[in-house]
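Here's the structure, in structure tokens; my notes come after.
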Amino acid sequence: MPLDLTPLDRAPRLLIEARLKPVQGTRFQPTGFPNLGHAVYESPDGHGRTVLVESAQSMANRLETVCWDTVADDWIEPLRGLPVVKVEDGKGKPLTNSLIEAHRLNSPYILEGKDKSVFELLKKRLAAMEVGRVDLRELAKVLLEFDTNALLHGIFLAKKELAGGRLRLPRSLSAFIEADNAKVAASGGVKNDTVNPKGDTARGFGNVPFARDEYVAETITAYFNLDLRQIRAFGLDTEVGRLLILLACFKIRKFLTEGLRLRTACDLDAGGVAVTRPDGFDLPALDDIESELPGLIETVGSKGLFGDSRVLTVKYEK
């Protein structure tokens with residue numbers, strides 16, 4: 001029986017929160033940034049210090065990592081049949097793909113190698129947008145065929161040859177993790193050199209002591225935001241909208257089930273999961289989502305909405 005998504009029909013957003021906690025002990029290591037370190041700030045509602053455990057850009061990557069089977073070089077089983085662009089090296093060995101590449105379909109490995117096949121296809125399909133306003137509905141239709149995931153992840157096709165570099169969509173699905181009332185758990189260690197403790201440390205020898213800051217917190221919360229209004233604005237087939245919503249729900253559930261080992265010193269467990277908007281909707285169970293997705297993918301594909309080929313392959317050579 002299909003999952004009931006009717007509570008989402010008029011809602012502008014689907015907002016979800018999940019309580020997290022360390023798998024063992026109480027300490028965790030938040031994400032860090034160049035020239036900044038950990039992102040720590042005073043909570044605006046008086047909950048002490050807040051720590052950004054995982055950023056929006058990192059969460060986008062993690063929500064997609066759980067969708068890909070690296071060994072099989074394919075989507076994981078419930079998602080197989082979704083469009084993707086694969087990149088091979090000159091010897092035919094898998095190199096990367098549009099799901100996991102840093103700039104997704106805008107990756108230089110897809111658009112800037114000797115093989116211009118995908119670039120030329122995009123240029124042809126998007127030629128009508130070279131002048132005038134960008135038709136975001138047409139862009140969404142093209143992305144559905146080439147890289148369906150981009151409709152959730154967002155995209156910026158920055159190359160000037162593609163509508164002057166004006167083709168962009170913001171993320172439909174975004175997420176981040178914060179820890180409230182956080183306190184520093186200072187520790188440290190030493191890299192031991194039992195052969196020559198006083199050796200030249202610049203060359204990797206000798207004993208090297210170091211400091212380390214981890215954190216403890218009253219609460220750790222993962223936040224997820226699905227922009228339902230944007231998905232509807234794509235103007236795509238009803239089944240496509242349903243597919244995008246269930247794909248987003250799948251990513252969230254899969255991440256909370258399997259993707260919470262963020263770093264060696266940041267291994268978390270998910271507790272309660274709550275939908276804060278809209279009322280009357282509960283996030284479906286992972287098994288139920290996995291049961292519906294394969295048939296939904298085939299329904300959309302049978303309508304020709306995934307284009308002529310669900311997998312485009314580019315050979316990357318400089």
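Values in this text are rule-based calculations from the coordinates and carry no lab data. Because the structure is predicted, anything quoted here is derived from the model rather than measured. All Cβ positions, even for glycine, are placed from backbone atoms using ideal geometry, and neighbour counts span all protein chains on display.
For the chain, modelled as a GNM whose springs connect Cα atoms under 10 angstrom apart, the maximal fluctuation among Arg242, Arg263, Arg212 occurs at Arg212. Would you tally the net charge around Gly295, using a Cβ to Cβ cut-off of less than 12 Å, leaving Gly295 out, and scoring K and R as +1, D and E as -1? Here the charged neighbours net out to -3. The amide H of Trp68, built 1.01 Å from its N in the peptide plane, has Ile76 as neighbours under 5 Å, considering only residues 5 or more places off or on other chains. The fewest-to-most ranking of Trp68, Trp75 by surrounding Cβ atoms within 10 Å reads Trp68, Trp75. Summing Lys, Arg as +1 and Asp, Glu as -1, what charge do residues with Cβ under 13 Å from the Cβ of Arg261 carry, Arg261 excluded? So the environment of Arg261 carries a net charge of -2. Candidates Gly154, Pro170, Leu105 compared by Cα position along the dipole of the range 89-238: farthest toward the positive end lies Leu105, with charges placed on Cβ. Of the options [x] 0.98; [y] 1.22; [z] 1.14, only one is Cα Rg over 2.2 N^0.38 Å as computed from these coordinates, and that is [z].
Each residue of the range 74-81 is assigned a 3J(HN,Hα), and the resulting list reads 7, 4, 5, 3, x, 9, 5, x Hz, derived from the Karplus form 6.51 cos²θ - 1.76 cosθ + 1.60 (θ = phi - 60°), x at Gly and Pro.
Only helices enter this figure: runs of n ≥ 4 DSSP H residues, each worth -39500 (n - 2.57), summed and divided by the residues of the chain, yield -7500 deg cm²/dmol at 222 nm to the nearest 500.
A cut-off of 5 Å between modelled amide H atoms, ignoring neighbours fewer than 5 places along the same chain, links Ala39 with Leu52. Over the range 1-85, Cα pairs under 8 Å with separation of 6+ residues give a relative contact order of 13 percent. Close amide H pairs (under 5 Å, H built 1.01 Å from N) link Val314 with Lys86, Val87, Glu88, residues at least 5 positions away or on another chain.
Angle between the Cα long axis of helix 56-65 and the longest principal axis of the chain, 0 to 90 degrees, nearest 10? Relative to the chain, helix 56-65 is tipped by roughly 70 degrees. For the chain, the Cβ-based charge dipole about the Cα centre amounts to some 1040 debye (Lys, Arg positive; Asp, Glu negative; other atoms uncharged).
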